[in-house]
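The values are calculated or read from the model by the stated rules, or taken from the named source; none is laboratory data. Keep in mind that this is a model prediction, so the values were computed, not measured. Note that we place each Cβ from the backbone using ideal geometry, even for glycine, and neighbour counts take in every protein chain shown.
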Amino acid sequence: MKVLSVIPPMTQLNTPYPSTAYLTGFLRSRGVAAVQEDLALKLVLRLFSPAGLDRIRASLTRKAAPSLSGFLKRFDEYRGTVAGAVAFLQGRDSTLAQRIASRRFLPEGPRFSALDEYTSPEGGDPLAWAFGALGIHDRARHFATLYLNDLADVVRQGIDPRFEFVRYAESLAASQPGFSPLAKALAAQPTLLDQWLHELTLEALARHQPDVVLVSVPFPGTVYAAFRIAQALKAQDQRIVTALGGGYVNTELRELTEPRVFDYFDYVSLDAGETPALALLEHLRGERPRQKLVRTFLREKNTVRYISSGEPDVAFADTGTPTWDGLPIRDYLSVLDLLNPMHRLWSDGRWNKLTVAHGCYWKKCSFCDVGLDYISRYDLASASTLADRIETIVRETGQTGFHFVDEAAPPKGLKALAAELQRRKTAISWWGNIRFEKTFTPELCRQLADSGCIAISGGLEVASDRLLKLMKKGVSVAQVARVTQAFSEAGILVHAYLMYGFPTQTVQDTVDALEYVRQLFAAGCLQSAYWHRFTCTVHSPVGRNPRDYGIELLPLPPGRFAKNDIGFKDPTGVNHAPLGVALNKATYNYLHGLALNEDVRNWFSGRVPSPTVPRDAIAKALLAPPA
Ligand code: B12
């Protein structure tokens, strides 16, 4: 029985999302003939090719739109340069950097006008602040990225408004109570992108001739395409068994009762895929009865049934090594938008993705989906197992960069892994997400840096001791200051996840939070940060016990499909949206080293109170001995 695992469009351009690598590696370790495909990358490469541009031009629905006229007018230039730009972003043709950086090679559309914003008053080099005088390669990558963004805008404006590089038709799936919007979109005339996806699906089918196709949907922005893939498979051959799983399913489809989903997928499975997939294959081979499937939804007489035999999951130490075999790892595109340094790591470079542990060792944060398996079931493997996996992956891919994709990598596990990598003299670079807890002493931070750690991200969240306590984050602002300083002094880039709009958060809390963040940048503790608006989910402690957080939930619309975000009423009545704009504008300046001494109130459009945080709060925290 042959199994094909598929990643649907869209996830990321620079590196494969790891679920198919995990499933394929595991299934092979159990003797299953398993292969994988990344149709997200394939779709992008088909689009950004001379033949792709021909089809785009022929399919434009609004040829007269002013936004498309530049593309049509300069079509020959776009067609003549697209293969070169893609090869350059794939790292296959670095010598093209000089010509691209000259800005006389690639045609320039509206996206390039943003460059004027950077022009210095003296009229000098607009991007010198970002790339200096010698950064030709990065500069060229930035221009090639703007060029692809222009082409993506053409696709969005003239062919399919739902298309983005990292998500496709996301709104049809994200917290969608009903299946009807998705069903309607799937019944609609296919757009050019849908047609390409159909062709790519049939090509993959012909290449591998699988009996079973596992379609992985990590995010809502992959769901529509997943259903299109299943639609193409079923139309071609009804006998192909299709199964759906992944982070989106694990989060949003836990209460699935919509039978129409099963017109496309025979099975939908929850949580870690190893045991459910093995059980399914055994069932399909006639070796296991249906009622012994593991965490699997299926349709019986037009109703959805959930079957879970309660079998334990495969231990993290026994899930095998993910494999990238079969994925075109040299074809990914390292794009370079001018964002912040951490966002750059996300979109630049072909990182091998690996988890240090399954689940989160802390699992208390009240905004997080702590009850779900991918957080709650904490299971660590030994440092030598992890180092073996790392060495196997480096041998297979020839690439030594790792992104540890844990929610929060455990400090003890990282320490043991660093020691093991040092003992074996295994030279890699790695980065990932952690909690800023006091276990990360200056000594441990130096050891992590010596083992290859180049960057870490962690939640400072609301940057308020009152709210950090309410959210059970288990850190204080002073502690975050000391830990981030230790990482920064070890030469590790530090990114802080920041949050606003948490229940009971006042305008004063928000102003104070920005004051703390300003001081953390000024003290060199942070190099990067980003503010996210708090959203309440049905699985989080806040969503489950709203009264404990002083809020009232709004009723969810009835539905049989997805369930995740939920609205709420906060008696503080603060309008957080304009505050968020100010927070992100200020922080964007801070990460470029600008306005670090300015009064934080200046960033807000309306009147806000002065910060109650003393101007030397962080400096004092850094002098105080750790508690
Ligand atoms: C690391 C991470 C990121 C990173 C890297 C993302 C990337 N592209 O690689 C960053 C920070 C960039 C990120 C961004 C986002 N993320 Co994120 N991310 C994660 C995290 C922590 C780990 C993902 C991972 O690599 N896991 C390892 C792999 C191997 O696990 P897996 O995909 O779950 O696969 C296993 C099972 O699900 C199952 N399985 C998978 N597919 C299939 C298929 C079948 C048929 C079967 C049987 C089983 C199966 O088997 C696999 C092995 O056990 C998860 C949470 C979590 N702990 O899983 C959130 C998570 C996936 N992210 C999430 C979201 C929402 C996002 C964003 C959309 C956020 C935003 N609004 O911008 C973006 C989208 C980015 C993009 N387009 O690429 C949500 C998705 C939930 C949902 N609502 O759909 C999650 C679950 C977290 C959460 N609860 O909020 N993310």
Find all pairs meeting these conditions: Cβ atoms under 7 angstrom apart; at least six residues apart or on different chains; first residue within the range 435-447 and assigned to a helix (DSSP H, G or I); second residue small (Gly, Ala, Ser) and at pLDDT 95 or above.
-> PRO442/ALA486; CYS445/ALA486; CYS445/ALA490; ARG446/ALA490; GLN447/ALA418
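In the range 394-405, which residue that is in contact (Cβ under 8 Å) with a residue 12 or more places away in the chain and more than 13 Å from the ligand (Cβ to nearest atom) is nearest to GLU252 (Cα to Cα)? Give the derivation first.
Looking only at the range 394-405, we keep the residues that are in contact (Cβ under 8 Å) with a residue 12 or more places away in the chain, and these are 394, 396-397, 399-405.
Filter once more, so that each one left must be more than 13 Å from the ligand (Cβ to nearest atom): 394, 396-397, 399-401.
Working: VAL394: 34, GLU396: 34, THR397: 33, GLN399: 34, THR400: 34, GLY401: 31 Å.
Selected residue: GLY401.
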Based on what the data block shows, is ARG92 among the basic types (Lys, Arg) and within 16 Å of the ligand (Cβ to nearest atom)?
-> no
Residue match in the range 272-286 (condition: of a type in the set (Ser, Thr, Tyr) and either touching a strand residue (DSSP E or B) at 6+ places or on another chain (Cβ under 7 Å) or more than 10 Å from the ligand (Cβ to nearest atom) (or both)) = no
Please identify the pairs in which a residue from the range 16-30 that is within 16 Å of VAL215 (Cα to Cα) has its Cβ atom under 7 Å from the Cβ atom of a residue that is in a helix (DSSP H, G or I) and near the ligand (Cβ under 7 Å from one of its atoms), counting only partners at least 6 apart or on another chain.
-> LEU23/ALA277; PHE26/GLU274; LEU27/ALA277
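Let's see how each residue does on (1) among the small types (Gly, Ala, Ser); (2) without any contact (Cβ under 8 Å) to a residue 40 or more places away in the chain:
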site: HIS539; (1), (2): no, no
site: PHE561; (1), (2): no, no
site: GLY567; (1), (2): yes, yes
site: LEU594; (1), (2): no, yes
site: ARG607; (1), (2): no, yes
site: VAL613; (1), (2): no, no
site: ALA619; (1), (2): yes, no
site: LEU623; (1), (2): no, yes
Hey, does the range 136-155 have a residue that's free of Cβ contacts under 8 Å to residues at least 40 places away in the same chain, surrounded by fewer than 21 Cβ atoms within 10 Å (Cβ to Cβ), over 24 Å from TYR17 (Cα atoms) and more than 16 Å from the ligand (Cβ to nearest atom)?
-> yes
What do you reckon, is LEU72 part of a loop (DSSP other than H, G, I, E, B) and modelled with pLDDT of 80 or more?
-> no
The listed residue being modelled with pLDDT of 95 or more and assigned to a loop (DSSP other than H, G, I, E, B), out of PRO611, PRO571 | PRO611
In the range 24-55, residue nearest to the ligand (Cβ to nearest atom) [restricted to those that are under 18 Å from THR321 (Cα atoms) and part of a helix (DSSP H, G or I)] | PHE26
Taking the range 500-531 as the search range and keeping residues that are touching a Gly at 6+ places or on another chain (Cβ under 9 Å), outside any loop (DSSP other than H, G, I, E, B) and within 27 Å of GLU252 (Cα to Cα), which one is nearest to the ligand (Cβ to nearest atom)?
-> TRP531
Condition test on SER102, is it surrounded by fewer than 17 Cβ atoms within 10 Å (Cβ to Cβ), among the polar types (S, T, N, Q) and under 25 Å from the mean Cα position of the chain (by Cα)?
-> no
Here are some conditions: (1) touching a Ser or Thr at 6+ places or on another chain (Cβ under 9 Å); (2) away from the ligand (no atom under 16 Å from the Cβ); (3) of a type outside the set (Val, Ile, Thr). ALA21 meets all but one. Which one does it not meet?
-> (2)
Go through the range 562-579 and give me each residue that's surrounded by 16 or more Cβ atoms within 10 Å (Cβ to Cβ) and under 23 Å from the mean Cα position of the chain (by Cα).
-> ALA562, LYS563, ASN564, ILE566
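Going through the range 146-162 one residue at a time, which ones are outside any loop (DSSP other than H, G, I, E, B) and among the basic types (Lys, Arg)?
Our first condition is that a residue be outside any loop (DSSP other than H, G, I, E, B); within the range 146-162, this holds for 146-158.
Scanning the range 146-162 gives a single hit, ARG156.
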Go through the range 250-267 and give me each residue that's within 26 Å of GLU203 (Cα to Cα) and near the ligand (Cβ under 8 Å from one of its atoms).
-> TYR267
Look at the range 194-215 and say how many of its residues are within 16 Å of the ligand (Cβ to nearest atom) and of a type in the set (A, V, I, L, M, F, W, C).
-> 5
Considering the range 216-226, residues that are more than 6 Å from the ligand (Cβ to nearest atom) and under 15 Å from SER269 (Cα atoms), and then whichever is surrounded by the fewest Cβ atoms within 10 Å (Cβ to Cβ), we arrive at ALA226
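So which residues in the range 227-248 are more than 8 Å from the ligand (Cβ to nearest atom) and either part of a helix (DSSP H, G or I) or touching a Phe, Trp or Tyr at 6+ places or on another chain (Cβ under 8 Å) (or both), if there are any at all? Write out each step before concluding.
Taking the range 227-248 first, the residues more than 8 Å from the ligand (Cβ to nearest atom) are 227-242.
Those that are more than 8 Å from the ligand (Cβ to nearest atom) and either part of a helix (DSSP H, G or I) or touching a Phe, Trp or Tyr at 6+ places or on another chain (Cβ under 8 Å) (or both): PHE227, ARG228, ILE229, ALA230, GLN231, ALA232, LEU233, LYS234, ALA235, GLN236, VAL241, THR242.
This table checks each residue for (1) touching a Pro at 6+ places or on another chain (Cβ under 6 Å); (2) more than 27 Å from PHE219 (Cα to Cα).
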position: MET1; (1), (2): no, yes
position: PRO9; (1), (2): no, no
position: PRO16; (1), (2): no, no
position: GLY25; (1), (2): yes, no
position: ARG57; (1), (2): no, yes
position: SER67; (1), (2): no, yes
position: GLY84; (1), (2): no, yes
Out of all the residues in the range 348-390, which are within 12 Å of the ligand (Cβ to nearest atom), part of a strand (DSSP E or B) and buried (at least 18 other Cβ atoms within 10 Å of the Cβ)?
-> ASN352, LYS353, LEU354, ALA357, HIS358
